[in-house]
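The structure under discussion appears below in the form of structure tokens.
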Amino acid sequence: MQQSSDQVLVTTVWSYYENMLFTRCMASMAAAADVTEPEDLMKIAQQAASAGAQVVLEALDKPRLIKLKGALDLVTETDVASEKAVLEVLKRHCPHHAVLGEEGGVSGDPSSGYLWCVDPLDGTTNFAHQYPAFAVSVGVMKGLTPVAGCVVEFAGGPGTWVTRTYTASLGGGAMLNGRTIKTSSVTDIEQSLLVTGFGYDHGAAWALNMEFFKYFTDKARGVRRLGAASVDLCHVACGMAESYWEYLLKPWDTCAGVIILTEAGGKVTTLDGQLYSPFHRSLLASNGGMHARVLEVTACRTKTLSVECGVDLSPWLIPDGYDAFGLKSY
């Protein structure tokens, strides 16, 4: 019997929805097959970071093409090549997870609930000058919580380069080159070595941080500024320093380093004492024992920075479709 045009339309529409539901079902099943255990994610992070680090290592003694992303912010062809190597590993093992890369932006599926944060060359200016404070940083978070990460730090110098590989998984501890690391036990600022960073935006946050720098230089044994957030976090994690703080950081700067630090026994909050996620724009990290002492200095002034100076410290760079448990990008 010949179908009417209305019947054909109904059949066509029903087939369309059947196909759409089937596609979504298959995509959901495929996403469920991606790696989700923190220890396994750590191994993937290490493999990805090592792939990027190999690109960086091979480029160290070669001429490099340097471009400007902003007035002072550098990017080299090595940043781009390293990120490509990292992404190849992540796409092979976790094809349905989302990725937020410093150079390439967002890729993958934000609705998967997992977000990889990739800094293919943290400390590009140091790399360009062959100053030994740069790294490849690969971390992954579920929701707002970093669950695994790896930072491959370059140390030494021209002709003597070596790498330090920091890894951590949620509940699995933190390691440096395969050995367990812990934060220091120092609780007095007067006995501490502190670390900070200054971004490329020389506005009110930069000026306030300079005040903190001066204050803590007078109080502590010293304050260092290396220029690579992932390295700073790892140095606190392994006890080289007691605390690190900075404004206007991005998720790829901190995701891997934060899980390494917290698994080593450290603590992280925003600079005004709120719960921290890599989407927040201020970070106070410490060995745990000194956290309250540093926060006494930074908390009130940071709140003033937002209220009186109009500096936006709200969450940012949350990919569309990613479940950040109510956090919104501004």
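Read the figures in this text as sums done on the coordinates, not as results from a lab. Remember, it's a predicted structure, so these values are computed and weren't measured experimentally. Neighbour counts run over all protein chains shown; Cβ positions are idealised from the backbone, glycine included.
Here are the numbers for the structure shown:
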item	result
Among 213-226, 40-53, the order from most to least packed when residues are scored by Cβ within 10 Å on average	40-53, 213-226
Of LYS219/LYS267; LYS214/LYS328; LYS91/LYS182, pairs whose Cα-Cα distance is over 24 Å	LYS214/LYS328; LYS91/LYS182
Sorted by Cβ neighbour density within 10 Å, fewest at the top, the residues SER107, SER137, SER243	SER107, SER243, SER137
The chain - mean residue ellipticity at 222 nm from DSSP helices (-39,500 (n - 2.57) per run, n ≥ 4, rounded to 500)	-12500 deg cm²/dmol
Highest to lowest packing among 319-328, 281-290, scored as the average C-beta count within 10 Å	281-290, 319-328
Simple Cβ-charge dipole of segment 38-180, Lys/Arg +1 and Asp/Glu -1, about Cα centre, in debye nearest 20	160
Relative exposure of CYS238, CYS309, judged by other C-beta atoms within 10 Å (fewest first)	CYS309, CYS238
Per-selection Rg to Rh, the chain - Cα, Kirkwood hydrodynamic radius	1.06
Semi-axis lengths (Å, descending) of the ellipsoid that matches the C-alpha gyration tensor of segment 38-180	25, 19, 12
DSSP beta bridge pairing in the chain, given as percent antiparallel to the nearest 5	80
P(r), alpha carbons of segment 189-307 - 10 Å bins starting at zero, rounded %	15, 54, 30, 1
